[in-house]
1. Could you please give the count of residues in region 230-280 that are touching a helix residue (DSSP H, G or I) at 6+ places or on another chain (Cβ under 6 Å), among the hydroxyl-bearing types (Ser, Thr, Tyr) and either part of a loop (DSSP other than H, G, I, E, B) or under 13 Å from Pro159 (Cβ atoms) (or both)?
2. Where the second residue is part of a strand (DSSP E or B) and among the aromatic types (Phe, Trp, Tyr) and the first is farther than 13 Å from Phe167 by Cα and lies in region 251-277, which pairs have Cβ atoms under 7 Å and are six or more apart or on separate chains?
3. Against the definition (surrounded by 19 or more Cβ atoms within 10 Å (Cβ to Cβ) and of a type in the set (Asp, Glu)), how does Glu46 come out, yes or no?
4. Taking region 119-151 as the search range and keeping residues that are surrounded by fewer than 23 Cβ atoms within 10 Å (Cβ to Cβ), over 14 Å from the mean Cα position of the chain (by Cα) and of a type in the set (D, E, K, R), which one is farthest from Ala86 (Cα to Cα)?
5. Considering only residues that are among the hydrophobic types (A, V, I, L, M, F, W, C) and farther than 16 Å from Asp15 by Cβ, look in region 35-58 and name the one that is nearest to the chain's Cα centre (by Cα).
6. Can you tell me which residue is farthest from Leu135 (Cα to Cα) among those in region 61-113 that are among the charged types (D, E, K, R) and part of a helix (DSSP H, G or I)?
7. Cβ contacts < 6 Å: first residue closer than 15 Å to His127 by Cα, restricted to region 149-161; second residue among the hydroxyl-bearing types (Ser, Thr, Tyr) and assigned to a loop (DSSP other than H, G, I, E, B), any location; separation 6+ or different chain. Result?
8. Looking at the structure I just gave you, is Gln58 in a helix (DSSP H, G or I), farther than 27 Å from Ile280 by Cβ, touching a Gly at 6+ places or on another chain (Cβ under 9 Å) and in contact (Cβ under 8 Å) with a residue 24 or more places away in the chain?
Amino acid sequence: MPTPSSNAAPLARHDAGALIGFAQSLLSAAGMPGDRARDVADILVEGDLLGHDTHGLQLLPSYLQHIEAGHLKTQGDPITLADHGAVATWDGQRLPGPWLVLRAMEIATKKARTYGSGTVTIGRSHHIACLAAYLKRATDQGLVMLLLSSAPAGASVAPHGGLRAVFSPSPLAIGFPTDAAPVLIDVSTSITTNGMTNRLRKEGKRLAHHWLIDENGDASDDPAILQAPRNGTILPLGGLDAGHKGFGLALLVEALTAGLAGHGRADPLEPLGASVFLQILDPQAFSGGDAFRRQMGWVAQACLDNPPRPGFERVRLPGQNGLVRRERQLRDGVELEASILPALTPWAEKFGVALPESL
């Protein structure tokens with residue numbers, strides 16, 4: 001993705017706790033109960049802490065708009081559609097996505113401690129924000145976590161070889177402990193995301209590579225082709241040459257989320273939301289926690305010790321940079337992308353909530 005030029009002005013830094021309080025205050029003022037507002041604020045800021053700034057506080061204006069429009073419900077509880085020991089399925093009732101996922105994690109963890117694995121699928125959740133933001137909560141307990149999400153109302157990714165969008169970027173995330181730092185994997189099944197293309201389009205910028213195709217199938221780096229009257233699409237992970245891999249993964253995500261939750265693209269169109277697959281595995285029920293950490297610790301270290309090829313300083317594990325960035329930003333303040341607070345300023349003024357001061 002594009003990187004700031006060397007002469008770009010440094011980004012303002014803000015205390016993470018102050019950002020969480022600010023987001024919680026806005027959500028509460030919009031009508032969300034305090035505990036739910038805190039969960040949503042925590043996950044949004046955790047995304048920024050890890051460096052996923054297209055899926056952190058950048059999402060908050062749209063969440064507030066959806067509350068106002070009635071597309072994001074603030075009251076009520078999910079409906080349990082099925083519960084069979086190790087697995088459960090919920091109708092999320094368009095409730096706040098981060099709050100639903102955190103509650104599902106609690107249930108899935110209890111199931112995993114009993115059965116070795118616990119799975120909760122959720123249909124009709126609202127957007128669940130950054131998937132990586134949940135993983136450390138599981139790995140800190142010595143658990144393995146899988147989290148997949150699809151957006152039945154969103155179609156911006158074409159199947160490999162096709163011209164018309166069928167899928168959303170449909171991310172999948174996996175976190176597992178090692179005998180050192182955890183590995184935190186968060187990838188979309190498309191080669192770039194809606195959040196990044198929308199940001200670059202608004203800024204009049206282009207993508208780093210030709211990761212899109214226009215309505216005629218010609219490769220492009222211009223995010224404007226994704227907006228009407230144009231009818232371009234994002235390519236699957238792997239791009240023009242190897243997009244069959246991302247296409248296959250997108251089908252997997254659809255099966256585990258929409259298929260198992262029973263709500264997806266075959267249903268009448270609803271506003272922005274998500275179908276979710278969440279699974280917790282307890283290594284203690286398999287070979288044991290020590291054996292798991294020993295095996296994955298060896299693999300992780302073999303990757304880190306691998307000689308880098310030209311152009312790379314070193315091999316990095318998924319999530320490694322994010323965890324370093326998280327620690328630094330908790331200490332020195334969170335760097336917010338320049339457009340985020342201006343987009344939230346009208347909401348702060350509307351609700352009488354003070355903007356967080358920079359450090």
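Each value in this text was obtained by applying a stated rule to the coordinates, not by laboratory testing. Here the structure is a predicted model, which means the values were calculated and not measured. Note that each Cβ is placed from the backbone with ideal geometry, even for glycine, and that neighbours are counted across all protein chains shown.
1. Counting residues in region 230-280 that are touching a helix residue (DSSP H, G or I) at 6+ places or on another chain (Cβ under 6 Å), among the hydroxyl-bearing types (Ser, Thr, Tyr) and either part of a loop (DSSP other than H, G, I, E, B) or under 13 Å from Pro159 (Cβ atoms) (or both) gives 0.
2. Listed pairs, sorted by first residue: Leu256/Phe277; Leu260/Phe277.
3. Taking the combined requirement at face value, the residue satisfies it.
4. Going through the qualifying residues, I end up with Asp140.
5. Of everything passing the filter in region 35-58, Ile43 is nearest to the chain's Cα centre (by Cα).
6. Here the answer is Glu68.
7. Final answer for the pair search is Ser150/Ser168; Ser150/Ser170; Ala151/Ser168; Gly154/Ser168.
8. yes
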